[in-house]
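*Asks:* Pasting a structure below so you can have a look.
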Amino acid sequence: MDSGQLFNLTTIAYFAAMVLFFAFIATKNNTVALTATLSSLAGFVIQTVALGMRWYESYQILGVDGRAPLTNLYESVVFFAWSILLIYLLMDWKYKQRTIGAFVLPIALFSMLWAQMSLHSSIDPLVPALQSNWLTYHVITCFLGYAGFAFAFGVSIMYLMKIGKEEKHQGDAPMKGILGLFPPTRVLDDMNYKAIMIGFPLLTLGIVTGAAWAYYAWGTYWSWDPKETWSLIVWFLYAAFLHARFTRGWVGRRAAWLSIIGFAATVFCYLGVNLVLSGLHSYGSG
Amino acid sequence: MAETKKTFIDSTWDFLCSLKLAIILVLLLALTSIIGTIILQNGSAADYIREYGQSNYELFKKLQFIDMYHSSWFIGILGLFSVNLICCSIKNFPRVWRFVKQPTLVASSGVFKGSANRAEFSCKETKHQAAEQISELLKKEFAKPVLTEKDDKLYLFAQKGIYSRFGAYITHLSILIIMAGAVIGNVWGYKAFVNIAEGTSTNQVRPRNGTQPIDLGFTVRCDDFDVSYYENSNRPKDYNSDLVILEDGKEIVHKRIEVNDPLTYKGIKFYQSSYGSAGNPFFKVKITENKTGKVIERKAHQGKHIQLPGGYAFAVTNFTTSDRNFGPAMQLHVNTPDGEHGAPFIVWQNHPQMDVKRGGVFSFALLGHDQPYYTGLQVAKDPGVNIVWAGCFLIVFGSLTAFFFSHKRIWVCLEDNGKKTKVLLAGNAHRNQPGFSLAFDDLQQQIEDATKNTSQKKEG
């Protein structure tokens, strides 16, 4: 069995988990919810093994030039999915709010599908500029940060779906229907904040390690190349989000929107820059 | 009361300190930064005119979009942002400093009534015994408390993580430090490049923006350049240059630099950045005069005629690193003494005996070939870079402290109440209240257990 097959299994597990999470929302059956969580956990474990195996395979193919599987678009998309699951499972462990899976798993599933179906998955040797340990630190920190933002995005969507109904809802009786199953908006808002609180320092570290790497490779820690600039734009947006919480009127709806805009900018920073704009980070488009 | 009218200075100060201004500026920076990722930066006039037309180019020039990250308006926003950071820190820092200098050792009744986390119970011990037990427990489970006696009551105060109150200030300060480092690098540093052909040296580099060459104050020589490729591909695997730094003709530093591993001398860094061929390749050719068996070796540049004994001459006219499956091969011809070109023939490096069979006056063997290269170096002097790294360390450290730690405080008040002692508990965390609530409940339980246990089974 090779890593490619394991990644396919991972994709199937995430697909099953997503379907089960939808089924949970439809049936409100807790066993279904537990199965969904277990399925995502299984997918995560398989993917972890697959990442290790791909790392090992790189040594078999490239000999001493083997490297961590974090060097091209395919590998980064796969790692993104892994990071999302890591953050999701940690949050699930802490908050035990199963409905969130239905809004976070699709992002991971979509990443895996895209990577497995249309990205170039061969293990190629690295051009000299990429042969640096900073690359590994840079990619890990950035993507864990992105995963935090992806989680915040999913939770924000749930918040916006629920808040309107909750405000109209009268009395103390719990809300009925699908939205009643969602966590209270207060909790959703808090989770949004927590996820960004995790993502923000990681993104900061990602930008710093990227700067350090650029300094050793090209002699400048910052050159306003589109990728760098967009990562800074994302950083600014979430910095605004974190500070907005201290002012009245910026929690709730506006915070949810800011989180959604932040994630859109994150996705653009990650993919849009490579696919639309050009710059030093052209490696990622391969 | 007559409302005192705010002076202009006061309202300006408040505006500069405000969080609102910070949020607006940060969003404005995010928004305007997009421009430079869409419009080409630092291109030539022709690039812009071709892409956007003459009138738009004039507009871009007026709006400083050509180099927007160094434009006066962008620097202006950054400047205002720094002022905002400084003002807001000056305004709020004293309040945080008070937590350190004047901790609330004796909590008011308001604290015990109004805290989100509070408890009240009685125990049989005297207040001094209870204070001792609770102190022990707090020291073990939380932090060492301070005991104060006031108005016949005993007060305990314990706190943890006060440094986390400074996380935000450290983060803000670090942004200023990074900006200061960047300014220092921009003013007193430079970015330049230089191409050095193998075996040659230079003491000047060309700045990236500007034409006046910069004197290094010493000499850099490139002794050798090497590029290696991945097997069966033309993807470069590594390229590196042997550099030597010379001062007054003396060799001071030797280093083989490669991508991601630069050479530093006197604050100037030399980065391996590119390479290219410097002139035609040359070949080491072994020539055997077939009649006498005499062997000579010659270095031949492509296209140049080389004299041979007896008035003959030869020239290498073509070369490839791999001729089908036979490896490196050169094409050459021999001129007769009267200058007539002979028919061209091929010699393979890996098959040195082949040419003997051709049966000419001379037989040739290719011993090796060499492509002279120049090494392309980025040269950077950045006296601010360590300041930037210090700022980067602080920003990571500061943001982690600010987000993941909180200042937790616990107050206890012990008061005689007939035969019993009344115990009041209150706790407060400046961040992550839900998490602290759980910890507080746990601590409260332990305190109650501790005081009750000892009252029941003494020295148990």
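*Asks:* Taking region B:243-273, which residues are away from every other protein chain (no Cβ under 11 Å) and small (G, A, S)?
*Replies:* Matches in region B:243-273: B:G249, B:G267.
*Asks:* Just to verify a result, which residue in region B:27-56, among those that are more than 14 Å from chain A (Cβ to nearest Cβ) and open to solvent by less than 30 Å² (accessible area, probe 1.4 Å), is farthest from B:N209 (Cα to Cα)? Working first, answer last.
*Replies:* At the first step, the residues of region B:27-56 found to be more than 14 Å from chain A (Cβ to nearest Cβ) are B:44-46, B:48-50, B:52-56.
Remaining after also requiring open to solvent by less than 30 Å² (accessible area, probe 1.4 Å): B:48, B:53.
Values: B:Y48: 18, B:G53: 24 Å.
Ranking the qualifying residues of region B:27-56, first place goes to B:G53.
*Asks:* Taking the residues in region A:59-81 that are within 14 Å of chain B (Cβ to nearest Cβ) and assigned to a helix (DSSP H, G or I) as candidates, determine which candidate is surrounded by the fewest Cβ atoms within 10 Å (Cβ to Cβ). Reasoning before the result, please.
*Replies:* So the first thing to find is which residues in region A:59-81 are within 14 Å of chain B (Cβ to nearest Cβ), and the list is A:61-67, A:71-72.
Keeping just the survivors that are assigned to a helix (DSSP H, G or I) gives A:61-65.
Working: A:I61: 13, A:L62: 17, A:G63: 10, A:V64: 5, A:D65: 15.
Filtering first and then ranking leaves A:V64.
*Asks:* Would you pick out the residues in region B:277-314 that are within 52 Å of the chain's Cα centre (by Cα), among the small types (G, A, S) and in a strand (DSSP E or B)?
*Replies:* B:S277, B:A300
*Asks:* Starting from residues that are at the interface with chain A (Cβ under 10 Å from one of its Cβ atoms), assigned to a loop (DSSP other than H, G, I, E, B) and out of contact with any helix residue (DSSP H, G or I) (no Cβ under 9 Å at 6 or more places or on another chain), keep the ones in region B:222-241 and report whichever is nearest to A:A129 (Cα to Cα).
*Replies:* Filtering first and then ranking leaves B:R235.
*Asks:* Looking at A:W257 and the list (1) surrounded by fewer than 18 Cβ atoms within 10 Å (Cβ to Cβ); (2) not in a helix (DSSP H, G or I), which single condition is not satisfied?
*Replies:* Exception for A:W257: condition (2).
*Asks:* Could you list all residues from region B:191-221 that are part of a strand (DSSP E or B) and of a type in the set (D, E)? So that I can check it myself, show each step before the final result.
*Replies:* As a first pass, look at region B:191-221 and keep what is part of a strand (DSSP E or B): B:191-197, B:201-207, B:214-221.
B:D215, the sole residue that qualifies.
*Asks:* Under the condition of being surrounded by fewer than 20 Cβ atoms within 10 Å (Cβ to Cβ) and assigned to a helix (DSSP H, G or I), which residue from region A:210-231 is farthest from the other protein chains (Cβ to nearest Cβ)? Working first, answer last.
*Replies:* In the first step, residues of region A:210-231 are kept if they are surrounded by fewer than 20 Cβ atoms within 10 Å (Cβ to Cβ); the result is A:212, A:216, A:222-224.
Narrowing further to those that are assigned to a helix (DSSP H, G or I): A:212, A:216.
Working: A:A212: 8, A:Y216: 5 Å.
The selected residue is A:A212.
*Asks:* Pairs under 7 Å by beta carbon, first residue away from chain B (no Cβ under 12 Å) and in contact (Cβ under 8 Å) with a residue 24 or more places away in the chain in region A:183-209, partner in a helix (DSSP H, G or I) and among the aliphatic types (A, V, I, L, M), six or more apart or different chains?
*Replies:* A:T185/A:I163; A:L188/A:V155; A:L188/A:M158; A:D189/A:A255; A:N192/A:A152; A:N192/A:V155; A:N192/A:A255; A:N192/A:A256
*Asks:* For region B:230-286, which positions are over 26 Å from A:T220 (Cα atoms) and aromatic (F, W, Y)?
*Replies:* B:Y230, B:F282, B:F283
*Asks:* Please work out if A:Y88 is within 25 Å of B:S273 (Cα to Cα), among the aromatic types (F, W, Y) and touching a residue at least 60 places away in the same chain (Cβ under 8 Å). Even if it seems obvious, please write down each step before you answer.
*Replies:* Values: within 25 Å of B:S273 (Cα to Cα): no; among the aromatic types (F, W, Y): yes; touching a residue at least 60 places away in the same chain (Cβ under 8 Å): yes.
For A:Y88, the condition - within 25 Å of B:S273 (Cα to Cα), among the aromatic types (F, W, Y) and touching a residue at least 60 places away in the same chain (Cβ under 8 Å) - is not met.
*Asks:* Further question: Do we find a residue being open to solvent by less than 20 Å² (accessible area, probe 1.4 Å), more than 9 Å from every other protein chain (Cβ to nearest Cβ) and free of Cβ contacts under 8 Å to residues at least 60 places away in the same chain anywhere in region A:263-270?
*Replies:* For region A:263-270, residues open to solvent by less than 20 Å² (accessible area, probe 1.4 Å), more than 9 Å from every other protein chain (Cβ to nearest Cβ) and free of Cβ contacts under 8 Å to residues at least 60 places away in the same chain: present.
*Asks:* Considering only region B:37-150, give the helices (runs of 4 or more DSSP H) lying wholly within it that have at least 2 residues that are in the same structural domain as B:C17 (by TED's automatic domain parsing).
*Replies:* Numbers: elements: B:45-52, B:54-63, B:72-101, B:109-114, B:127-141.
It comes to B:45-52, B:54-63, B:72-101.
*Asks:* Going through region B:315-357 one residue at a time, which ones are assigned to a strand (DSSP E or B) and hydroxyl-bearing (S, T, Y)? Even if it seems obvious, please write down each step before you answer.
*Replies:* Residues of region B:315-357 that are assigned to a strand (DSSP E or B), as a first pass: B:315-320, B:329-335, B:341, B:345-348.
Scanning region B:315-357 gives B:T317, B:T320.
*Asks:* Across region B:346-364, what is the total count of residues that are of a type outside the set (S, T, Y), surrounded by 15 or more Cβ atoms within 10 Å (Cβ to Cβ) and within 60 Å of the chain's Cα centre (by Cα)?
*Replies:* The number of residues fulfilling the criteria is 8.
*Asks:* A follow-up question, please. Looking at this structure, is B:T126 more than 44 Å from the chain's Cα centre (by Cα), of a type in the set (S, T, Y) and farther than 30 Å from B:M179 by Cα? Break it down into steps so the answer makes sense when it comes.
*Replies:* Working: more than 44 Å from the chain's Cα centre (by Cα): yes; of a type in the set (S, T, Y): yes; farther than 30 Å from B:M179 by Cα: yes.
So B:T126 fits the description; yes.
*Asks:* Now, a different point. Report yes if some residue within region B:400-414 is more than 14 Å from chain A (Cβ to nearest Cβ) and open to solvent by 50 Å² or more (accessible area, probe 1.4 Å); otherwise report no.
*Replies:* Yes, region B:400-414 contains a residue that is more than 14 Å from chain A (Cβ to nearest Cβ) and open to solvent by 50 Å² or more (accessible area, probe 1.4 Å).
*Asks:* Let me ask something else about it. Residues B:K420, B:K408: which one is more than 48 Å from the chain's Cα centre (by Cα) and either under 26 Å from A:H243 (Cα atoms) or of a type outside the set (V, I, T) (or both)?
*Replies:* Values: B:K408 fails: more than 48 Å from the chain's Cα centre (by Cα).
Only one candidate qualifies: B:K420.
*Asks:* Let me ask you something else. Taking only region A:206-222 into account, find how many residues are closer than 14 Å to B:G189 by Cα and in contact with a strand residue (DSSP E or B) (Cβ under 7 Å, 6 or more places away or on another chain).
*Replies:* 2
*Asks:* If you check B:L394, B:L377, B:L367, which single one turns out to be of a type in the set (A, V, I, L, M), open to solvent by 10 Å² or more (accessible area, probe 1.4 Å) and closer than 30 Å to B:R256 by Cβ? Talk me through it step by step, then tell me what you get.
*Replies:* Working: B:L394 fails: closer than 30 Å to B:R256 by Cβ; B:L377 fails: open to solvent by 10 Å² or more (accessible area, probe 1.4 Å).
None of the others qualify; the one that does is B:L367.
*Asks:* Quick one: how many residues across region B:165-196 are in contact with a strand residue (DSSP E or B) (Cβ under 9 Å, 6 or more places away or on another chain) and either surrounded by 20 or more Cβ atoms within 10 Å (Cβ to Cβ) or away from chain A (no Cβ under 12 Å) (or both)? Please lay out each step first, then the result.
*Replies:* Residues of region B:165-196 in contact with a strand residue (DSSP E or B) (Cβ under 9 Å, 6 or more places away or on another chain): B:185, B:188-196.
Narrowing further to those that are either surrounded by 20 or more Cβ atoms within 10 Å (Cβ to Cβ) or away from chain A (no Cβ under 12 Å) (or both): B:185, B:188, B:192, B:194-196.
The qualifying residues number 6.
*Asks:* Quick check: anything in region A:97-108 of a type in the set (D, E, K, R) and assigned to a helix (DSSP H, G or I)? Steps first, please.
*Replies:* Taking region A:97-108 first, the residues of a type in the set (D, E, K, R) are A:98.
Next, only the ones that are assigned to a helix (DSSP H, G or I) stay: A:98.
Among the residues of region A:97-108, at least one is of a type in the set (D, E, K, R) and assigned to a helix (DSSP H, G or I), which makes the answer yes.
The values are calculated or read from the model by the stated rules, or taken from the named source; none is laboratory data. What you are looking at is a predicted structure, and each value in this text was computed from that prediction instead of being measured. As a convention, Cβ positions derive from the backbone with ideal geometry for all residues, glycine included, and neighbour counts pool all protein chains shown. For accessibility, only protein heavy atoms count, side chains too; no ligands or nucleic acids. Shrake-Rupley method; radii C 1.70, N 1.55, O 1.52, S 1.80 Å.
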